[in-house]
Structure formats: C-alpha cells, structure tokens
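The values are calculated or read from the model by the stated rules, or taken from the named source; none is laboratory data. Computed from a predicted model, the values in this text were never measured in an experiment. Positions of Cβ are generated from backbone atoms using ideal geometry, with glycine treated the same way; all protein chains shown enter the neighbour counts. Side chains are part of the model used for accessible areas, which takes the heavy atoms of the whole protein and leaves out ligands, DNA and RNA. Shrake-Rupley method; radii C 1.70, N 1.55, O 1.52, S 1.80 Å.
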Amino acid sequence: MKAVAVILLTLVISAFGIELHCKLPETDIPQRWRSMHSECINKMRSQVQEELTAAMTYLAMGTHFLQDSVNRPGFAKFFLESASEEREHAMKIIQYLLMRGELTSEIGSLIRDPRPVETQWFSGVDALKSALELETNVTNKIRDIVIICEEPKIEPKFNDYHLVDWMTGEFLEEQYKGQRDLAGKISTLGKMMKEHGELGEFLFDKRMLKGEA
Ligand SMILES: *[C@@H]1O[C@H](CO)[C@@H](O)[C@H](O)[C@H]1NC(C)=O
Ligand SMILES: [Fe+2]
C-alpha cells in the first residue's frame, strides 16, 4: 500500500512539475546577543586544536606503553584516560562557543588533522616528564586566552567576564591539579627507580594500574 502511495505521489509531482523545497529559508535571528570579540573567538578556536593535539599525544603515549616490547599496562591506562579527558576538553570549548552563538560555520577549520607532538618515549619517567611539559604548554595557552579575552588588543575595554571566569575556574583549576599530579608521579617513580632500577618502574606501573600511584 505504502509503495503504491509513494509511486502515485512521485507521478503527481513529476506530472505537475511541483518543486520540492527541502531547505527552509534562514530565519532572521537578531545578532546583537553574540557578544564575543573576534580576537577572543580565534583564541578559543585554536584552543580546540590544542586540546585535540594533546588528546592525540596521549593516545600515542598510551599506545606506546601497550606494545609487547614495552608492556606497561598501568602507564597505558593512565595516558589513555588522559587522551579521553583532552577530547572532552575540546568538546567543552566547542559547546561553549555554541552557547555563545559563535560557532556557525567553518567546522572544518576547527576540527582538522591534529597530530601528536611526539611519538617516542624512552621510559615511564620520560613520558611523565613529557606529559608535564605538554600540560605546562597548555596552561600557558589558556593564560593567553584569559589575557586576550579580558582585554582584546583592538578593544581593550571589552572584558568577556563570563568566559574569563569559566576558563580560569574550570580549565586553569584542572591544569594546576593535573600538573601537580604529574610532578608527584615523577617524584615517586624517580625515587623508586633510584633504589630499584627497572623493578621500580615495574612496581610503579602496577600501582598505576590500580589507580594508586
Ligand atoms: C612545549 O613548548 C615548547 C616551546 O614552544 C616546545 O619547544 C615544546 O616542544 C613543547 N612541548 C610539548 C611536549 O608540547
Ligand atoms: Fe586539556
């Protein structure tokens, strides 16, 4: 029955030359509520790239520790979890831009080929130090966002209070906690390896697997 109806409808449409419009005309939405400054928008857009690059770097790190020749499942678990968190950070910034009405086009330039910043690590300590350096770089990028969004160079009086507060309270907070966690891990692992060499790394890996390091 349905098939017959569809065929009939198609015939009617073609016979009478009715044009089907699938695209609704765009609504004329007032634009004044979109208050973000272009400099600030650009900084936020590049932060999406930064977070995705961090995600890819941690994905590479996690995979490195899963190789049969390396075989450190605790390190792998830790770095793969970090990779997921970084992806979530990218998503949070995308959602923020959507909320402010500042993400209406150019998705392609926002989400494009991020690559890991490194793909080779020589030990657990080496990877943790590299992660701390990566996070330090990300923290500096977030500070740059705060500086620009608080006082855009072209329009210094435009303080984007909400964004600055959000980036400071949510992102910087997490950066500082994450950096402290990495520094603590480097310290403990360093001490364990000083006494026990490779066995120290092996034991530390076991603790990371249980989420106890
Ligand atoms: C951190 O930033 C410095 C300076 O820009 C750069 O040389 C280094 O490769 C970066 N490191 C990581 C792990 O992102
Ligand atoms: Fe992040």
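Scanning the range 86-118 for residues that are out of contact with any Asp or Glu (no Cβ under 8 Å at 6 or more places or on another chain), basic (K, R) and either away from ligand 1 (no atom under 16 Å from the Cβ) or under 18 Å from T139 (Cα atoms) (or both) gives R100, R112. Output the residues belonging to the range 139-149 that are over 18 Å from the mean Cα position of the chain (by Cα) and open to solvent by 80 Å² or more (accessible area, probe 1.4 Å). I147 - this is the single residue of the range 139-149 that is over 18 Å from the mean Cα position of the chain (by Cα) and open to solvent by 80 Å² or more (accessible area, probe 1.4 Å). Take the conditions surrounded by fewer than 16 Cβ atoms within 10 Å (Cβ to Cβ), at pLDDT 95 or above and closer than 30 Å to F204 by Cα and apply them to E86. Does it pass? It is false that E86 is surrounded by fewer than 16 Cβ atoms within 10 Å (Cβ to Cβ), at pLDDT 95 or above and closer than 30 Å to F204 by Cα.
Could you please let me know if F75 is more than 13 Å from ligand 2 (Cβ to nearest atom) and in contact with a Gly (Cβ under 6 Å, 6 or more places away or on another chain)? Here the answer is yes, as F75 does meet what is asked. Could you tell me which residue of the range 111-132 is nearest to ligand 2 (Cβ to nearest atom), considering only residues that are assigned to a helix (DSSP H, G or I) and among the hydrophobic types (A, V, I, L, M, F, W, C)? It comes out as A131. Being outside any loop (DSSP other than H, G, I, E, B) and of a type in the set (G, A, S) is the filter here; which residues of the range 65-101 pass it? If the condition is that a residue be outside any loop (DSSP other than H, G, I, E, B) and of a type in the set (G, A, S), then G74, A76, S82, A83, S84, A90 are the ones that fit.
Set side by side, the residues K210, K191, K206 differ, and just one is touching a helix residue (DSSP H, G or I) at 6+ places or on another chain (Cβ under 7 Å) and among the basic types (K, R), which is K206.
Taken over the range 119-138, the criterion of being exposed (fewer than 15 other Cβ atoms within 10 Å of the Cβ) and either in contact with a Pro (Cβ under 6 Å, 6 or more places away or on another chain) or closer than 17 Å to F65 by Cβ (or both) is satisfied by T119, Q120, F122, D126.
Of the numbered criteria (1) open to solvent by less than 70 Å² (accessible area, probe 1.4 Å); (2) modelled with pLDDT under 95, the one M193 fails is (2). Of note, E201 satisfies the criterion of being open to solvent by less than 50 Å² (accessible area, probe 1.4 Å) and closer than 17 Å to F65 by Cβ.
Table: residues versus (1) in a helix (DSSP H, G or I); (2) without any contact (Cβ under 8 Å) to a residue 24 or more places away in the chain.
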position	(1), (2)
L134	yes, no
C149	yes, no
K153	no, no
N159	no, yes
D165	yes, yes
F171	yes, no
Y176	yes, no
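Considering only the range 155-165, I want to know if a residue exists there that is within 26 Å of A60 (Cα to Cα), among the polar types (S, T, N, Q) and open to solvent by 20 Å² or more (accessible area, probe 1.4 Å). No, that holds for no residue. Tell me, please, whether a residue that is touching a residue at least 12 places away in the same chain (Cβ under 8 Å) and either acidic (D, E) or within 16 Å of ligand 1 (Cβ to nearest atom) (or both) can be found in the range 65-78. Within the range 65-78, none of the residues are touching a residue at least 12 places away in the same chain (Cβ under 8 Å) and either acidic (D, E) or within 16 Å of ligand 1 (Cβ to nearest atom) (or both). Taking the range 78-109 as the range and being within 14 Å of ligand 2 (Cβ to nearest atom) and among the hydroxyl-bearing types (S, T, Y) as the test, the residues that pass are S82, S84, Y96.
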